[in-house]
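What follows is calculated from the coordinates using simple rules that are stated; it is not laboratory data. Since we're looking at a predicted model, the values are computed, not measured. In this analysis, Cβ positions are derived from the backbone assuming ideal geometry, glycine residues included, and neighbour counts consider all displayed protein chains.
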Amino acid sequence: MRQGRTGANTTKRVASALPRYALLLLSAAVILFPLYMTVVDSLQTLDKLLTYPPDFWPNSPQWSNYRSAMTDIPMPRYMMNSLIVAAVITLGQVSTAALAAYAFAFMRFPLRTPLFFIFLSTMMVPWEASIIPNFQTIQRLDWIDTYQGLTVPFLATAFGTFLLRQHFLTLPRELKDAADIDGYGNLKFLLFVVIPLSRAALATLAVFSFLQAWNQYLWPLLVTNEPDMRTVQIGIAALQAEEVQRTNVVLAGTVIALLPMLVLVIVFQRFLVRGLTAGAVKG
Amino acid sequence: MHRLVFALVCVAASLALASCGESGPRTTNGRTEIVFWHSMGGVNGDALQRMANGFNASQDAYHVRPVFQGGFPDSLKKLVSSFGTDSMPALIQLDDIQLRFMVDSQATVPLQDFIDLEDATSAAMQGYPPAVDLADFEPRALAYYSLEGRLRAMPFNLSGPVLYYDKDAFREAGLDPERPPTTFDEVRDYSERLLRRDQGGGVTRNGVALNISAWYFEQMLAKQGALYANNGNGREGLATEVRFDGAEGEEILTWWQEMVDSGLATNVGQQGLQALLSVLSGKSAMAIESTAAMRSVLLALGPGAARFGAGPLPAPYSPDGGIVIGGAAAWIISDRPDIEQRGGWEFLKYATRPDIQAQWHVDTGYFPVRVSAWDMEPAASLHRDVPQFTAARAQLLGSPLNLVTAGAVIGPFTQVRESVIEALEQVLVGDKEPREALDDAAADANRAIERYNRSVTE
């Protein structure tokens, strides 16, 4: 496309884009600054943190903060638990949401629209309202300190179903007709046609599910007592005391907990942007 | 508020179910296991684990297992939703203001029952040593956690508010660095002399950093000798109304407002510790903060900490009142089998031994629960390194023992605190005058109290 344009035209385009990029850079800096300071402060000594003005560069990085964060609490174990829990929840949410969204988008059955709205209405129930009954159910099932207790309540998602249904609706109906003629059943059509065409939406949902599961605090705190079953967010809370203590170590723990998320988002970033806007026009 | 009503419904429902939830005591390696839910994170959590290890090594009948359950609100939420199930702990550490709620929940055994039992045993058996020497316990802590003459929970970690100040700034302003201000008027006079501006008129150092906190408001009232709630702070009968909206409360809010408006004080918002950091960084000359931060912050500063002094919390006008002891206590849960309760009691006796308390004081910076622990090693060494503790101790020991310093006992204390914070914020941003803000806060608080009382008496 570019080849067709003249050089003058390109310069003009660059010039007009400059303020936009400057603004974007500025916003990025504003958003990244707290993250940057988290990393800097995680490498400081405690008395450095207490002095003013603060240092914006770790002149003598204290890597021992990271060692403390890894060893003062069973961090590797917490990370593994978080990974397992987040992976199971992500897998569960993506598969149940895909199946439900498929039904709402492609199948015809009585009360489809009202059912879909009832489905959606569960999004209006705040999680805080259902957390105690859920906890009591888990207790009664004797699922305290188990992976199923940590994951099962989150295996289905109304939001994910909504997201995927909206995307599925953008797929041409003719595909379904063609598949019918080819003798594809619903499951085959979902697996071999719909899913390959919806990778961006599925990746978006997967990243969101993973982020949410990874950042959970109250639920894992409620359903676990054994240190062996706890997740990384509780670990960070445990590094922190009621009063000020080793803020630098807490920040080091925060950075450690943040890394898997960062990697995930960077890897999936391409899909994320597409997924969020896909289906935004039609829908 | 709904949460509370809901919680109480849960309590009632689960107490009915409690008998079927019984499943025998927990055991581990042939010992009875005592699960202790606590909210001591970080360094304090390590200190607690060491304390438990010490207890576990000292005998072979019980094994205490501390389990961190997040902050006090998280821990309480988890406890309330576990009522009637066998995942309840034998011991739980909860913050001071949960006293009324925990008593009303009937989920705990008053600590006094264990003390009485042991007293009776030692009276019956000649030569049997008395169980606990209550005379050596910090009397203000015993007073706080007693209701209707019975000790309800074991004081576990204690703290109080102090005035931190920069001695160098005092010297520079021609003030005696060993004589911190004790009344609001003195704080104002000192601040006027400590205030520094640049050529443009901008404040480069203000007098005092103030943190919006309902706790400091409560402490200032107590320092003035005023009750916080009716019926003797809720200790001679169920509190039905707050009393913080009296002349003393108005005095506090007015002073606070004038100090901030005139630039003599800086409002550091609701985040704890910001006030102290403001002094450490030289932006303020004085700050009101808890003693709980004293050890970790001052030790982190090393020799540089020597220029920071600690004095008593200033009172509105007469410095004759005292402070209310803050902190948390350990509760024994009634749902657990007797043997676990006994084990919990044995652990609490161990935890409050003077030598253990001296170590706890050094590890955490909390005041020792035992009076004799102050002068014991390693506490005595800590006071040489952090002499600021001496002032904190003096303020505590100088506090008279009465209904005011025993502290208020209110069921929905969390909501009451929220209304006080709202009043402070409204006054500081200029939305309301102190009198109006206090009246509104008191009305809110009284409504919360009325609803709570109705839900527990019906």
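Tabulated data
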| read-out | value |
| --- | --- |
| Shielding by other protein chains, B:286-293, mean Cβ within 10 Å | 2 |
| Hz values of 3J(HN,Hα) by residue in the stretch B:343-360 - Karplus curve (6.51, -1.76, 1.60), Gly and Pro given as x | x, x, 5, 4, 5, 5, 5, 5, 4, 9, 5, x, 5, 5, 5, 4, 5, 4 |
| Label-reachable residues, the stretch B:133-170, where backbone N falls under 19 Å from a point 7 Å from residue B:377's Cα toward its Cβ | none |
| Global geometry of the stretch B:192-333, whether rounded, prolate or oblate, following the gyration tensor of its Cα atoms and the 1.5 cut on a/c | oblate |
| In degrees, nearest ten, helix B:111-124 long axis to first principal axis of chain B (Cα) | 60 degrees |
| Estimated dipole of the protein assembly as shown in Debye, rounded to 20 [Cβ of Lys and Arg +1, of Asp and Glu -1, Cα centre] | 3920 debye |
| In degrees, nearest ten, helix B:214-223 long axis to first principal axis of chain B (Cα) | 80 degrees |
| Ascending count of other beta-carbon atoms within 10 Å, so fewest first, for B:361, B:383, B:63 | B:383, B:63, B:361 |
| Subset of B:223/B:432; A:48/B:432; A:48/B:167; B:283/B:432 violating a 30 Å alpha-carbon distance limit | A:48/B:432 |
| Label-point gap, in nm, between residue B:443 and residue A:109 - each point 7 angstrom along Cα→Cβ | 5.4 nm |
| Set of aspartates and glutamates with alpha-carbon distance to residue B:349 below 12 Å, sequence-local pairs under 8 removed | B:118, B:133 |
| Under the span-like rule (Cα at least 27 Å along the axis, Kyte-Doolittle mean at least 1.0), DSSP H helices of chain A | A:75-106, A:247-277 |
| Dipole magnitude of chain B, debye to nearest 20 (Cβ charges: Lys/Arg +1, Asp/Glu -1, about Cα centre) | 900 debye |
| Neighbour-count ranking [beta-carbon atoms within 10 angstrom, fewest first] of B:80, B:242 | B:80, B:242 |
| Contour minus Cα-Cα distance for residue B:168 and residue B:120 (0.36 nm per residue) | 11.6 nm |
| Radius ratio Rg over Rh of the protein assembly as shown, counting only Cα atoms, Kirkwood formula for Rh | 1.02 |
| Charge dipole (chain A, unit charges on Cβ, about Cα centre) - positive-most of A:222, A:175, A:59 | A:175 |
| Computed label-point distance, nm, for sites residue A:16 and residue A:128 using a 7 Å Cα→Cβ extension | 4.8 nm |
| 10 Å Cβ neighbours from other chains, averaged over peptide A:134-143 | 3 |
| In order through the stretch B:422-437: 3J(HN,Hα) via Karplus (6.51 cos²θ - 1.76 cosθ + 1.60), integer Hz, x for Gly, Pro | 4, 4, 4, 5, 4, 5, 6, 8, x, 6, 9, 7, x, 4, 5, 4 |
| Cβ-placed point charges (K, R +1; D, E -1), dipole of the stretch B:277-365 about Cα centre in debye, nearest 20 | 340 debye |
| Cα-based Rg of chain B normalised by 2.2 N^0.38 Å, two decimals | 1.01 |
| Relative pair counts by distance (%), Cα atoms of the stretch A:77-224, 5 Å bins | 2, 9, 17, 18, 17, 14, 10, 7, 4, 2, 0 |
| Shielding score for A:246-256, defined as the mean number of other chain Cβ atoms within 10 Å | 1 |
| In degrees, nearest ten, helix B:42-58 long axis to first principal axis of chain B (Cα) | 30 degrees |
| Cα-based shape type of the stretch B:282-345, given that a ≥ b ≥ c are square roots of the gyration tensor eigenvalues and the cut on a/c is 1.5 | oblate |
| HN-Hα J in Hz across the stretch A:221-229 - Karplus 6.51, -1.76, 1.60, θ = phi - 60°, x for Gly and Pro | 5, 5, 8, 10, 10, 6, x, 5, 9 |
| 11 Å reach of a label modelled at residue A:262, 7 Å along Cα-to-Cβ, counting backbone N of the stretch A:64-90 | none |
| Order by protection proxy (mean Cβ within 10 Å, highest first), peptides A:79-89, B:177-187 | A:79-89, B:177-187 |
| Lysines with Cα under 16 Å of residue A:176, excluding same-chain neighbours fewer than 8 positions away | A:188 |
| Chain A: calculated mean residue ellipticity at 222 nm from DSSP helix runs of at least 4, using -39500 (n - 2.57) | -22500 deg cm²/dmol |
| Antiparallel content of DSSP bridges confined to the protein assembly as shown, in %, to 5 | 65 percent |
| Chain A - convex hull of the alpha-carbon atoms, volume per residue in Å³ | 206 Å³ |
| Cα gyration tensor, the stretch A:22-81 - rounded (a/c under 1.5), prolate or oblate | oblate |
| Cα centroid separation, the stretch B:415-458 to the stretch A:20-71 (Å) | 40 Å |
